[in-house]
1. Could we say that residue 62 is more than 24 Å from residue 198 (Cα to Cα) and either in contact (Cβ under 8 Å) with a residue 60 or more places away in the chain or of a type in the set (S, T, N, Q) (or both) here?
2. Check residue 149 against each of (1) under 28 Å from residue 240 (Cα atoms); (2) among the hydrophobic types (A, V, I, L, M, F, W, C); (3) under 17 Å from the mean Cα position of the chain (by Cα); (4) surrounded by fewer than 23 Cβ atoms within 10 Å (Cβ to Cβ) and name the one condition it does not meet.
3. Out of the range 37-76, which residues are surrounded by 18 or more Cβ atoms within 10 Å (Cβ to Cβ), part of a loop (DSSP other than H, G, I, E, B) and of a type in the set (D, E, K, R)?
4. Of the residues 124, 104, 119, which single one is more than 25 Å from residue 48 (Cα to Cα), among the aliphatic types (A, V, I, L, M), surrounded by fewer than 18 Cβ atoms within 10 Å (Cβ to Cβ) and in contact with a helix residue (DSSP H, G or I) (Cβ under 8 Å, 6 or more places away or on another chain)?
5. What is the one condition in (1) touching a strand residue (DSSP E or B) at 6+ places or on another chain (Cβ under 9 Å); (2) under 30 Å from residue 43 (Cβ atoms); (3) buried (at least 21 other Cβ atoms within 10 Å of the Cβ) that residue 154 does not satisfy?
6. Name every residue in the range 189-207 that is buried (at least 24 other Cβ atoms within 10 Å of the Cβ) and acidic (Asp, Glu), in order of residue number.
7. Helices (runs of 4 or more DSSP H) wholly in the range 100-208 with at least 3 residues that are among the charged types (D, E, K, R) - which ones?
8. Go through (1) surrounded by fewer than 21 Cβ atoms within 10 Å (Cβ to Cβ); (2) in a helix (DSSP H, G or I) and name the single condition residue 95 misses.
Amino acid sequence: MSRETTQIDLPPTASLSAMVTPFKADESVDHDALSHVADWTIDRGIDGLVPCGTTGEFASLTREERRSVIETTVEAADGRVPVIAGAAATTVQGACEFVDDAAAVGADGALITPPYYHAANDPAGNRMFYDRVAADSALPIYLYNIPSCTSGPLTPETVETLASNEAVHGIKDTSGDFSTVERFVARTPDSFRVLQGYDDHFVGAQTMGANGGINALAGVFPGAFGSLCEAMDDGDIVRARGIQQQVLSPVFDAALEYGFAPATKVALCERSVLDRATVRPPLVELDESERAAVAEVVQTAVSSLD
């Protein structure tokens with residue numbers, strides 16, 4: 001049986017930042033820069049922070065680094081917004097250890113992918129994996145459906161079953177498939193948060209009943225995402241669609257082309273939030289022409305906000 005976990009307080013339509021992990025020139029974690037990114041994002045109205053996800057290059061961090069990144073984020077947040085920490089692993093024991101680490105440094109929730117490399121040979125495998133992690137979790141768990149990185153999707157049937165587990169509070173969907181979002185919403189209770197992870201589908205997902213998103217670009221344009229959430233809550237689809245099309249979609253296209261962590265870091269440099277866009281192998285920094293292309297769409301997006 002799962003431990004009792006506390007519901008995370010989020011607004012009806014919430015925008016959470018899938019944070020980058022800043023590195024120094026020697027590729028060590030830059031905790032001062034990380035704190036600054038967290039403060040900058042919170043000050044501009046973000047509803048939550050999500051360190052150690054895909055954009056945070058979690059797979060390139062050691063266990064100790066992941067824990068320290070989460071700890072720095074929690075300290076910077078200082079209770080102003082919740083912190084949902086990435087805790088992806090290929091084993092039940094590994095995921096439980098990452099959840100325990102996140103809980104120990106004060107995180108409010110954990111975001112967990114299905115095991116990667118080995119795809120479940122039956123949907124029951126994913127259900128078993130999450131049930132075992134949930135049974136020992138001191139934190140609310142959010143599922144993370146990202147088929148491109150885990151060799152397969154979480155099925156609506158699996159999510160429906162897991163949503164009945166008291167420790168499983170929501171899902172981030174980065175499938176890029178509207179039908180999947182619609183089925184997740186239809187098959188889960190109202191208290192279960194369906195959060196869009198594919199930035200370009202934010203508005204469409206909300207019209208299907210999603211409850212916001214965990215997005216890389218929310219860390220670059222937190223104010224725009226706040227306005228987007230406000231427009232959706234007000235039923236102003238025209239305004240929301242304008243923000244999506246003019247601000248978010250062009251930058252999202254660039255991130256898709258050049259990679260989310262490298263492109264997001266360049267975008268944050270363009271916004272004067274980061275001083276460098278260092279990434280770790282196997283990712284590589286953008287070359288001069290690629291940086292210029294990202295800078296151009298970011299500048300255009302910022303101009304449309306003025």
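1. On the way: more than 24 Å from residue 198 (Cα to Cα): yes; either in contact (Cβ under 8 Å) with a residue 60 or more places away in the chain or of a type in the set (S, T, N, Q) (or both): yes.
In short, yes.
2. It fails just one condition, (1).
3. At the first step, the residues of the range 37-76 found to be surrounded by 18 or more Cβ atoms within 10 Å (Cβ to Cβ) are 37-38, 40-42, 46-58, 61, 66-67, 69-74, 76.
After this cut, where a residue has to be part of a loop (DSSP other than H, G, I, E, B) as well, the list is 46-47, 51-57, 61.
Correct list: 47, 57.
4. On the way: 124 fails: in contact with a helix residue (DSSP H, G or I) (Cβ under 8 Å, 6 or more places away or on another chain); 104 fails: more than 25 Å from residue 48 (Cα to Cα).
From the options 124, 104, 119, the qualifying one is 119.
5. The single condition residue 154 does not satisfy is (2).
6. Within the range 189-207, 199 is the sole residue that qualifies.
7. On the way: elements: 123-135, 147-150, 156-162, 178-187, 202-207.
Here the list reads 123-135, 178-187.
8. (1)
The values are calculated or read from the model by the stated rules, or taken from the named source; none is laboratory data. Everything numeric in this text was worked out from a predicted model, so none of it was measured. Positions of Cβ are generated from backbone atoms using ideal geometry, with glycine treated the same way; all protein chains shown enter the neighbour counts.
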